[in-house]
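Peer 1: The structure that follows is given in the form of structure tokens.
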Amino acid sequence: MSDDFKVNGNSKNEQLEQFRVDDRGKKMTTNQGLRVSEDEFSLKAGDRGPTLMEDFHFREKMTHFDHERIPERIVHARGYAAHGEFELYESMEKYSKAKFLQKPGSTTPVFVRFSTVAGNRGSAETVRDVRGFATKFYTEEGNYDLVGNNIPVFFIQDAVKFPDLIHAVKPEPHNEIPQAASAHDTFWDFVANNQETAHMIMWHLSDRALPRSFRMMEGFGVHTFRLVNAEGKSHFVKFHWKPKLGVHSLVWDEAQKISGKNPDFHRMDLYESIEKGDYPEFELGVQIIDEADEFMFDFDILDPTKIWPEEDVPVQIIGKMTLNRNVDNVFAETEQVAFHPGHVVPGIDFTNDPLLQGRLFSYTDTQLIRLGGPNFHELPINRPVCPFHNNQRDGYGRQTINKGPVSYHNNSLAQNTPETAAEDDGGYAHYQEKVEGRKVKARSNSFLDHFSQATLFWNSMSATEKAHIVKAFSFELGKCKEKAIQEQVVDMFANVSLEMAQKVADNIGIAPPEQGGSNVTKTSPALSQENTRKLPDTRKVAVLVSEGFDGKDVYTILNDLQEKGLQPEIVSEKLGVITGTEGIKVNAVHTFLTADSVLFDAVYVAGGDMSNQTFYQKTVAFVKEAYTHYKAIGATHAGINVLQENSMLKAPGIITGDVNDTFVSDFTEAITKHRHWSRAVME
Ligand code: HDE
């Protein structure tokens with residue numbers, strides 16, 4: 001490798017440094033470097049006269065402004081990103097020759113962009129949707145992009161249908177309604193008439209589509225890829241990101257309210273966590289299948305609507321990614337980053353998954369229009385950290401100044417350089433898969449079972465998760481105007497579970513299907529979020545306090561909660577200092593106007609002056625909402641009375657006590673459970 005490449009650590013950060021500009025404290029200039037003497041008034045013929053064309057400063061400033069917007073991504077427009085580092089735990093030498101997967105302990109800089117799919121760039125973040133999870137590894141052999149989602153399967157099996165799928169889910173063209181929502185006729189019409197969507201729809205209607213945080217979602221490469229080792233042997237692989245904090249979701253009512261209370265909920269959560277040093281961590285897992293076992297499964301491993309159940313093909317954890325740096329500028333980095341599943345390095349290759357094959361075309365094509373030409377690889381965020389040399393030249397926004405007369409291959413004037421590299425010298429060689437067949441516009445029969453894994457997913461859900469799916473179905477179809485669409489969808493999903501389809505039919509007032517059902521009885525416990533890792537770390541607790549609270553006790557409890565990794569934040573009637581007994585003070589960072597129970601994981605009613613009627617009533621409303629969202633609620637001192645007076649004392653996940661007993665540990669444990677589903681709530 002070339003001398004100017006630094007493999008480990010922050011080589012990407014250092015590369016970006018040369019592009020960073022801090023304008024603070026500087027003199028204002030035009031883009032030509034000319035100092036500007038006046039930026040309040042345009043050049044006019046007299047105080048009240050017309051503006052003059054001659055005002056080049058005005059023209060430059062306005063022209064630049066007029067061109068500030070670029071086309072948003074056609075899908076995944078709303079996203080947020082961060083920098084980080086991938087550390088390898090285990091050498092993958094046996095399976096892949098990729099250099100960043102060889103040496104345990106080695107690190108590779110990464111850039112990760114999370115996104116929703118359907119909404120526009122300004123849409124709310126907690127809508128029901130798939131989340132994009134795209135990672136760029138800046139490796140010494142070039143950029144490797146793992147452009148995945150938080151759901152391991154996809155709606156369709158062939159890329160040619162992608163424009164149809166997206167047209168169907170986007171706002172309906174005649175009235176541009178609804179924004180960032182699948183709950184409308186055209187989407188469900190598409191589903192009913194393209195039944196390969198069945199499995200993905202089960203995930204889309206599950207809690208997976210309502211992540212609590214980007215930090216608490218899994219990521220999946222979705223397609224089957226290949227790993228190829230130095231001997232040229234290939235294995236099939238599926239990639240997984242497993243969040244260290246476990247997989248957790250919002251409830252639907254809460255997600256909808258957050259869309260209004262804080263449409264930036266997910267980006268703020270990511271940004272603030274990184275600023276606080278609570279770096280999000282995801283472990284990289286691989287499922288590997290030997291080439292010889294390609295046909296050993298009751299599904300086609302090339303079909304992107306299928307998972308490889310983890311119980312059948314275990315996920316081996318091989319490394320960890322830590323996101324530890326926010327971007328300096330969202331447009332320059334998050335908006336201009338260009339991912340592409342075709343950005344691979346030696347040792348990683350493709351399969352014939354027809355969805356993947358189509359993606360290999362689409363991503364470059366979309367960058368050409370979005371980033372305005374073929375030089376988007378030169379943008380700071382997209383530059384590989386290793387040098388790049390070829391005979392490509394010119395085009396909009398070209399930054400490289402190529403020296404010399406030669407821009408072709410083969411040549412003698414430059415001794416035939418840049419020269420190609422042999423495979424053992426890092427040259428990428430496509431895996432020589434044998435292919436034979438007729439040219440057909442067709443689908444393999446092995447792709448035709450659309451329902452078995454949809455039922456596997458349903459079977460694997462807990463009772464609560466099943467109830468959420470039925471509710472989500474009833475919401476989405478309930479928003480459809482055409483009865484025929486509702487009927488078709490219910491009939492279709494009777495193939496997944498008759499019981500589920502009948503419940504939905506009942507909820508939306510159509511005749512329940514009589515035929516259907518599935519003989520699939522298999523379950524995959526790994527699919528249920530009930531079985532995920534549960535930790536108290538970084539959970540936000542609203543602490544409701546008013547003047548005169550028990551100073552010493554509350555102070556001790558707040559410290560103890562913090563020590564356990566929780567993040568208590570004081571909410572009161574007014575911002576600023578609130579004084580408790582013994583002169584102990586806490587600082588209210590929210591009021592009931594700026595905070596809302598949906599923005600927290602739990603509530604602690606610490607009490608204070610409960611004869612203050614405004615505080616009392618606001619507290620009751622806050623706690624009642626947290627209660628209906630199944631959140632842990634803790635109370636001490638006067639706070640206990642609030643729960644008692646509102647009949648919440650005996651419910652699961654309600655913890656009361658004082659500083660001398662097990663209050664803090666019990667409350668922490670209740671928060672760690674994430675939600676208390678056994679609580680009866682009126683929904
Ligand atoms: Fe994408 N997808 N996609 N996609 N996709 C794009 O590329 C496309 C698919 C995914 O944060 C676009 O730069 C086709 C599956 C993510 O910048 C576009 C098909 C998966 C992102 C495109 C798919 C994804 C995109 C739009 C069907 C999960 C955001 C903007 C064959 C494995 C990346 C852009 C970011 C973005 C095409 C299906 C993930 C239009 C044709 C399956 C995470 O090129």
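The values are calculated or read from the model by the stated rules, or taken from the named source; none is laboratory data. Quick caveat: nothing in here was measured; it's all calculated off a predicted structure. When we count neighbours, we look across all protein chains shown, and the Cβ atoms used for this are built from the backbone with ideal geometry, even at glycine. Remember, those area values only see protein heavy atoms, side chains included, never the ligands or the DNA or RNA. Shrake-Rupley method; radii C 1.70, N 1.55, O 1.52, S 1.80 Å.
Each row is one residue, and each column tells you yes or no for (1) among the basic types (K, R); (2) more than 13 Å from the ligand (Cβ to nearest atom); (3) in a strand (DSSP E or B).
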| residue | (1), (2), (3) |
| --- | --- |
| P346 | no, yes, no |
| F361 | no, no, no |
| Q367 | no, no, no |
| R383 | yes, yes, no |
| C386 | no, yes, no |
| N390 | no, yes, no |
| R393 | yes, yes, no |
| G397 | no, yes, no |
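Condition check ((1) more than 20 Å from D349 (Cβ to Cβ); (2) at pLDDT below 95; (3) within 9 Å of the ligand (Cβ to nearest atom)) across all residues:
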residue: P109; (1), (2), (3): yes, no, no
residue: A124; (1), (2), (3): yes, no, no
residue: R131; (1), (2), (3): yes, no, yes
residue: E141; (1), (2), (3): no, no, no
residue: D145; (1), (2), (3): no, no, yes
residue: G148; (1), (2), (3): no, no, yes
residue: D158; (1), (2), (3): yes, no, yes
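Peer 1: Would you please name the residue that is nearest to the ligand (Cβ to nearest atom), looking only at residues in region 90-107 that are outside any loop (DSSP other than H, G, I, E, B), open to solvent by less than 40 Å² (accessible area, probe 1.4 Å) and of a type outside the set (A, V, I, L, M)? Walk me through how you get there before you give the answer.
Peer 2: So the first thing to find is which residues in region 90-107 are outside any loop (DSSP other than H, G, I, E, B), and the list is 99-101, 107.
This time we only want the ones that are open to solvent by less than 40 Å² (accessible area, probe 1.4 Å), so: 100-101, 107.
So of that shortlist, the ones also of a type outside the set (A, V, I, L, M) come out as 100, 107.
On the way: F100: 20, T107: 22 Å.
Result: F100.
Peer 1: Looking at the structure I just gave you, is S2 at pLDDT below 95, within 21 Å of H377 (Cα to Cα) and out of contact with any Phe, Trp or Tyr (no Cβ under 9 Å at 6 or more places or on another chain)?
Peer 2: Numbers: at pLDDT below 95: yes; within 21 Å of H377 (Cα to Cα): yes; out of contact with any Phe, Trp or Tyr (no Cβ under 9 Å at 6 or more places or on another chain): yes.
The answer is yes for S2.
Peer 1: Hey, among the residues in region 66-89 that are more than 16 Å from the ligand (Cβ to nearest atom) and under 24 Å from S123 (Cβ atoms), which one's surrounded by the fewest Cβ atoms within 10 Å (Cβ to Cβ)?
Peer 2: The selected residue is E68.
For every residue, the table says whether it meets (1) out of contact with any helix residue (DSSP H, G or I) (no Cβ under 9 Å at 6 or more places or on another chain); (2) not hydrophobic (A, V, I, L, M, F, W, C).
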{"position": "E54", "(1), (2)": "yes, yes"}
{"position": "E72", "(1), (2)": "no, yes"}
{"position": "H76", "(1), (2)": "yes, yes"}
{"position": "F111", "(1), (2)": "no, no"}
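Peer 1: Just give me the residues in region 16-62 being without any contact (Cβ under 8 Å) to a residue 12 or more places away in the chain, in contact with a strand residue (DSSP E or B) (Cβ under 9 Å, 6 or more places away or on another chain) and under 30 Å from Q336 (Cβ atoms), in sequence order.
Peer 2: Within region 16-62, K27, M28, T29, R35 qualify.
Peer 1: For region 156-164, check the following and say yes or no: at least one residue is open to solvent by less than 20 Å² (accessible area, probe 1.4 Å) and either outside any helix (DSSP H, G or I) or not assigned by TED's automatic domain parsing to the domain that holds G285 (or both).
Peer 2: Scanning region 156-164, I find at least one residue that is open to solvent by less than 20 Å² (accessible area, probe 1.4 Å) and either outside any helix (DSSP H, G or I) or not assigned by TED's automatic domain parsing to the domain that holds G285 (or both), so the answer is yes.
Peer 1: Which residue out of H174, H167 is open to solvent by 10 Å² or more (accessible area, probe 1.4 Å) and either away from the ligand (no atom under 13 Å from the Cβ) or in a loop (DSSP other than H, G, I, E, B) (or both)?
Peer 2: H174
Peer 1: Turning to a different aspect of this structure: Have a look at V435, V385 and point out the one that is touching a strand residue (DSSP E or B) at 6+ places or on another chain (Cβ under 6 Å) and in contact (Cβ under 8 Å) with a residue 12 or more places away in the chain. Walk me through how you get there before you give the answer.
Peer 2: Details: V435 fails: touching a strand residue (DSSP E or B) at 6+ places or on another chain (Cβ under 6 Å).
V385 is the lone residue from the list that is touching a strand residue (DSSP E or B) at 6+ places or on another chain (Cβ under 6 Å) and in contact (Cβ under 8 Å) with a residue 12 or more places away in the chain.
Peer 1: Follow-up question, since we're still on this one. Could you list, ordered by first residue, the pairs with Cβ atoms under 9 Å in which the first is in region 626-655 and assigned by TED's automatic domain parsing to the domain that holds E254 and the second is at pLDDT 95 or above and open to solvent by 20 Å² or more (accessible area, probe 1.4 Å), at least 6 apart or interchain?
Peer 2: none
Rundown of residues vs (1) outside any helix (DSSP H, G or I); (2) under 30 Å from I274 (Cβ atoms); (3) of a type outside the set (F, W, Y), yes/no style:
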{"position": "E14", "(1), (2), (3)": "no, yes, yes"}
{"position": "Q32", "(1), (2), (3)": "yes, no, yes"}
{"position": "E54", "(1), (2), (3)": "yes, no, yes"}
{"position": "R69", "(1), (2), (3)": "yes, yes, yes"}
{"position": "E87", "(1), (2), (3)": "yes, yes, yes"}
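Peer 1: For region 421-446, what are the residues that are surrounded by 12 or more Cβ atoms within 10 Å (Cβ to Cβ) and of a type in the set (S, T, N, Q)?
Peer 2: Those that are surrounded by 12 or more Cβ atoms within 10 Å (Cβ to Cβ) and of a type in the set (S, T, N, Q): S444, S446.
Peer 1: Follow-up. Can you tell me which condition N13 does not meet? The list is (1) closer than 30 Å to F137 by Cα; (2) free of Cβ contacts under 8 Å to residues at least 60 places away in the same chain, and all the others hold.
Peer 2: Unmet condition: (2).
Peer 1: May I pose another question? Can you confirm whether region 564-578 contains a residue that is in contact (Cβ under 8 Å) with a residue 60 or more places away in the chain and touching a Pro at 6+ places or on another chain (Cβ under 6 Å)?
Peer 2: Yes, that holds for at least one residue.
Peer 1: Let me ask something else. Out of the residues in region 221-241 meeting the condition of being outside any strand (DSSP E or B) and either at positive phi or of a type outside the set (G, A, S) (or both), tell me which one is nearest to the ligand (Cβ to nearest atom).
Peer 2: Start the filter on region 221-241 by keeping residues that are outside any strand (DSSP E or B), which leaves 221-224, 229-233.
Going one step further and asking which of them are either at positive phi or of a type outside the set (G, A, S) (or both), we end up with 222-224, 229, 231-233.
On the way: V222: 3, H223: 6, T224: 11, N229: 24, E231: 29, G232: 26, K233: 25 Å.
Taking the candidates together, the pick is V222.
Peer 1: In addition: Answer yes or no: is there a residue in region 262-275 that is free of Cβ contacts under 8 Å to residues at least 24 places away in the same chain, within 25 Å of K673 (Cα to Cα) and in a helix (DSSP H, G or I).
Peer 2: Yes: region 262-275 contains one or more residues that are free of Cβ contacts under 8 Å to residues at least 24 places away in the same chain, within 25 Å of K673 (Cα to Cα) and in a helix (DSSP H, G or I).
Peer 1: Hey, can you tell me all the residues within region 274-312 that are out of contact with any Phe, Trp or Tyr (no Cβ under 9 Å at 6 or more places or on another chain) and aliphatic (A, V, I, L, M)?
Peer 2: Across region 274-312, the qualifying residues are I274, A292, M296.
Peer 1: I've got another one for you. Taking region 597-622, which residues are acidic (D, E) and open to solvent by 20 Å² or more (accessible area, probe 1.4 Å)? It would help to see each step written out before you state the result.
Peer 2: Taking region 597-622 as the starting set, the residues that turn out to be acidic (D, E) are 601, 609.
Once the filter is applied, which keeps residues that are acidic (D, E) and open to solvent by 20 Å² or more (accessible area, probe 1.4 Å), region 597-622 yields only D609.
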